[in-house]
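The values are calculated or read from the model by the stated rules, or taken from the named source; none is laboratory data. All values derive from a computational prediction rather than experimental measurement. Methodologically, a virtual Cβ is constructed for each residue, glycine included, from the backbone with ideal geometry; neighbour enumeration extends over all protein chains shown.
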Amino acid sequence: MPKRFAELSTPLVADACVRLGVPLRAAPAGILPVLPGRRLAGRALPVRHYGSVDVFLEAFAEHAAPGDVLVIDNEGRRDEACIGDLAVLEAAAAGVAGVVVWGLHRDTPDLVSIGLPVFSYGSYAPGPVRLDPRGPEALSTALFGEHTVGPDDVVFADDDGVVFVARADLDEVLGTAESLFRTERNQAERIRAGETLRDQTRFAEYLERRALDPEYSFRRHLREVGGAIEE
């Protein structure tokens with residue numbers, strides 16, 4: 001896991017993308033870690049699943065580097081699980097840091113025992129009963145919802161979801177996320193010490209200015225006074 005993500009979260013990474021105007025590419029809502037509390041960050045290792053695990057094995061053999069995150073495009077299907085214990089064990093043996101699936105998993109107790117972070121949309125007993133023709137993008141890109149993910153992307157995952165960031169934007173996004181983290185922690189400490197968030201953000205002043213200018217947004221106000229509640 002990139003060390004800079006250790007104290008951050010996917011909400012902070014997402015907020016940083018919005019603050020910077022970087023494309024916000026989040027996995028569709030509902031993705032969760034098989035084992036709560038697991039966190040994951042690493043270069044994307046994309047694969048498209050066509051009904052057989054051979055595409056995973058080929059990715060491990062030909063494209064994987066230590067610390068990569070296997071990103072599986074199974075089209076968000078709810079009629080089959082596309083990964084289970086043996087494929088996850090093989091991922092760990094290949095040095096892969098974890099797995100994120102646009103689809104379902106199975107063998108849940110075994111995945112918990114293995115301990116490799118796996119994020120999916122739920123468990124389902126049946127595996128694939130199809131074998132579709134393999135497309136040319138099988139090992140070059142993966143679709144995840146409306147987003148295309150490739151090896152030039154970095155994956156961040158935790159209990160709140162999964163976010164993809166282009167490596168070209170990584171330093172700027174993480175730097176902004178770190179700044180937001182410091183601001184939010186300071187705000188939280190001040191609330192605990194008795195200074196309300198309304199006082200910190202000069203909320204009464206915001207209401208007065210909005211009364212004069214209905215287009216004056218709270219988001220604009222926060223940027224002017226230095227708050228970091230929303231983006």
Out of (1) more than 25 Å from the chain's Cα centre (by Cα); (2) assigned to a strand (DSSP E or B), what's the single condition that is false for V129?
-> (2)
Select from the range 126-154 the residues that are touching a Phe, Trp or Tyr at 6+ places or on another chain (Cβ under 6 Å) and hydrophobic (A, V, I, L, M, F, W, C) and list them in ascending order.
-> F144, V149
Taking the range 17-43 as the region of interest, how many residues are over 13 Å from P117 (Cα atoms) and among the small types (G, A, S)?
-> 5
Can you name the condition, by its number, that E205 falls short on among (1) closer than 25 Å to R219 by Cα; (2) without any contact (Cβ under 8 Å) to a residue 40 or more places away in the chain; (3) in the same structural domain as L86 (by TED's automatic domain parsing)?
-> (3)
Scan of the range 189-219 for residues that are under 32 Å from the mean Cα position of the chain (by Cα) and of a type in the set (D, E), ordered by number | E189
Is it true that T176 is touching a helix residue (DSSP H, G or I) at 6+ places or on another chain (Cβ under 7 Å), among the hydroxyl-bearing types (S, T, Y) and at pLDDT 95 or above?
-> yes
Residues within the range 29-57 that are surrounded by 15 or more Cβ atoms within 10 Å (Cβ to Cβ) and either among the charged types (D, E, K, R) or not assigned by TED's automatic domain parsing to the domain that holds P128 (or both), tallied = 4
How many residues does the range 203-218 contain that are among the hydroxyl-bearing types (S, T, Y) and in a helix (DSSP H, G or I)?
-> 1
Here the qualifying pairs (Cβ atoms under 8 Å; residues six or more apart or on different chains; first in the range 1-24 and farther than 27 Å from H221 by Cβ; second among the basic types (K, R) and at pLDDT 95 or above) come out as M1/R39; F5/R39
So, in the range 9-24, of the ones that are under 11 Å from V173 (Cβ atoms) and within 12 Å of the chain's Cα centre (by Cα), which residue ends up surrounded by the most Cβ atoms within 10 Å (Cβ to Cβ)?
-> V13
Considering A188, A211, A166, A142, which residue is hydrophobic (A, V, I, L, M, F, W, C) and farther than 25 Å from S9 by Cβ?
-> A211
